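Reading through the structure tokens given below for one structure.
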Amino acid sequence: QVQLVESGGGLVQAGGSLRLSCTTSGRTFSVYVMGWFRQAPGKEREFVAGISWRGTGTWSADSVKGRFTISRDDAKNTVYLQMNALKPEDTGVYYCAATFRGRTTLSEEYPYWGQGTQVTVSS
């Protein structure tokens, strides 16, 4: 079993930056593919970014390309989401998730989830 805890959310003005962190415990972190998802009020949860084990590959949603960067530090059992040039439409609860599957953007393929952290971008 693995536990995930997100942090770093908050309120920021449009154009600002935030860095989210997700620290895991339990099984060996390095074997997991990690992902970030978000859910805005009244909308379905959507994929934001993913990173393979050992950080050899990353992939992200078109809506955040060029603005968000996912990275991981296996020595610290932590995955990060650096968010720059934030827009009001980036507002939502951000979740990190873990899977043994490969390069996937589907939430149903991630069995392990954190509790989420709120990100609010004001205009």
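Data for the structure
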{"item": "Residue selected from segment 16-43 under the condition touching a strand residue (DSSP E or B) at 6+ places or on another chain (Cβ under 7 Å) and among the β-branched types (Val, Ile, Thr), by the criterion modelled with the highest pLDDT", "result": "Thr23"}
{"item": "Some residue of segment 32-54 being more than 25 Å from Thr120 (Cβ to Cβ) and part of a helix (DSSP H, G or I)", "result": "yes"}
{"item": "Residues of segment 71-91 classified as loosely packed, with under 14 Cβ neighbours inside 10 Å, of a type outside the set (Gly, Ala, Ser) and within 21 Å of Arg27 (Cα to Cα), total", "result": "2"}
{"item": "Any pair with Cβ under 7 angstrom, 6 or more apart, that starts in segment 35-50 at a residue that is touching a residue at least 24 places away in the same chain (Cβ under 8 Å) and ends at one that is among the acidic types (Asp, Glu) and open to solvent by 10 Å² or more (accessible area, probe 1.4 Å)", "result": "Phe37/Glu46; Arg38/Glu46"}
{"item": "Residue in segment 44-69 that is modelled with the lowest pLDDT, counting only those that are open to solvent by 90 Å² or more (accessible area, probe 1.4 Å) and on the phi < 0 side of the Ramachandran plot", "result": "Trp53"}
{"item": "Some residue of segment 97-111 being crowded, with 21+ Cβ neighbours inside 10 Å and under 18 Å from Ser7 (Cα atoms)", "result": "yes"}
{"item": "Count of residues meeting criterion [surrounded by 17 or more Cβ atoms within 10 Å (Cβ to Cβ) and either within 19 Å of Thr117 (Cα to Cα) or among the basic types (Lys, Arg) (or both)] in segment 22-43", "result": "8"}
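The values are calculated or read from the model by the stated rules, or taken from the named source; none is laboratory data. Remember, predicted model here, so these are calculated numbers, not experimental data. Neighbour counts run over all protein chains shown; Cβ positions are idealised from the backbone, glycine included. The protein model used for the area step is the full one, side chains on, heavy atoms only, and it has no ligands, DNA or RNA in it. Shrake-Rupley method; radii C 1.70, N 1.55, O 1.52, S 1.80 Å.
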